[in-house]
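Just so you know, all these numbers are worked out from the coordinates, no wet-lab data involved. Since we're looking at a predicted model, the values are computed, not measured. Cβ placement follows ideal geometry from the backbone for every residue including glycine, while neighbour counts extend to all protein chains displayed.
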Amino acid sequence: MSEEAPKTYLALPPPAVPAVYKQPDAPNAEQMAMYDQVLEHFSQTEYVLPGVEQDGHLVDREKLWLRLEDTLKWRREFGVYDTLSAELVEPEAVTGKEILFGYDKERRPGFYMIPSRQNTDEATRQVQFAVWMLERAVDLMGPGVEKMDLLIDFAEKAKNPSIGTARTVLNILQSHYPERLGLALILNIPWLITMFLKAMMPFVDPVTRLKIKLNPKVSVSLLRVHTDAERFRYVQVIEENIFEPEMIFAKSWGGAVDFEYEHDKYWPSLVGMCDARRAEQMQRWKELGATIGAKEWEIKGGLSSAVADAEKLVA
């Protein structure tokens, strides 16, 4: 990292869709039949969420977001749409113990967790903050992106997390955010935390477990730093060529970003950017007809990105 590199304080917006980008393959006949079945089920005009005491009709935010019924009910009960707010969880955020910054080469958001910055003992709000940040990571997923990367650094003395709290967060992740994890890299794990994580592993889904790397060997292939226009030199990295250096922190991760967490700068920027993205997506969904089954690619602006790229080529 150059000594002249300026400090960075803010989260980054999602990168643009690459000019050469292959959208996911169309569903096969079996997958399409399942899709049609789910679409028909939720599109019934008389549909209401089962087991809901209050009004069970889906509101626009639920139709836009639509997932499985159990998750729809959980989101209501947890208060994702009405209780879970930036104001509620902000006391958990002031030390920068959880940060969204940068994107890997597949445009997946980087979600940093720094346990040494733990500043509260309130388990309920800690879980709420983790879910709020997961929701913001989803906000920052551009067209064609459905996963995030966790980057957890146990450097410096960290307060041991509660097994109960960790199991609650893990259950939420596996039950209501399935397949959202691209990769989890966990660095500088002390012995006690290693024992803690081993105790948690039996509760981790086998597919998820394969994505978790504990104290991964530092090698030479995660990042590349340009020395000039033609050549590269490799820096301290972790196993695979996942991030460009300008997209990952210098401290602990060997990137090129001298990031400093200043709450008064970072927090309003993140909240404002995510609020704006959700509003844009809601507007696109309404313009697409406000119906269940709209393509996420179009809701996230992928269609407008493709049109803009085509206009540039014509010009």
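The table below gives the values:
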item: Shape of segment 120-185, Cα gyration tensor, a/c cut at 1.5; result: prolate
item: Least to most buried among E77, E298 (fewest other Cβ within 10 Å first); result: E77, E298
item: Among the listed pairs K73/K300; K97/K286; K7/K157, those beyond 31 Å (Cα-Cα); result: K97/K286
item: Distant alpha-carbon pairs in segment 245-296 (separation over 14 angstrom), percent; result: 68
item: Cα-based shape type of segment 99-219, given that a ≥ b ≥ c are square roots of the gyration tensor eigenvalues and the cut on a/c is 1.5; result: rounded
item: Full-stretch length increase - L303, V20 - with 0.36 nm per residue and alpha-carbon distance subtracted; result: 100.5 nm
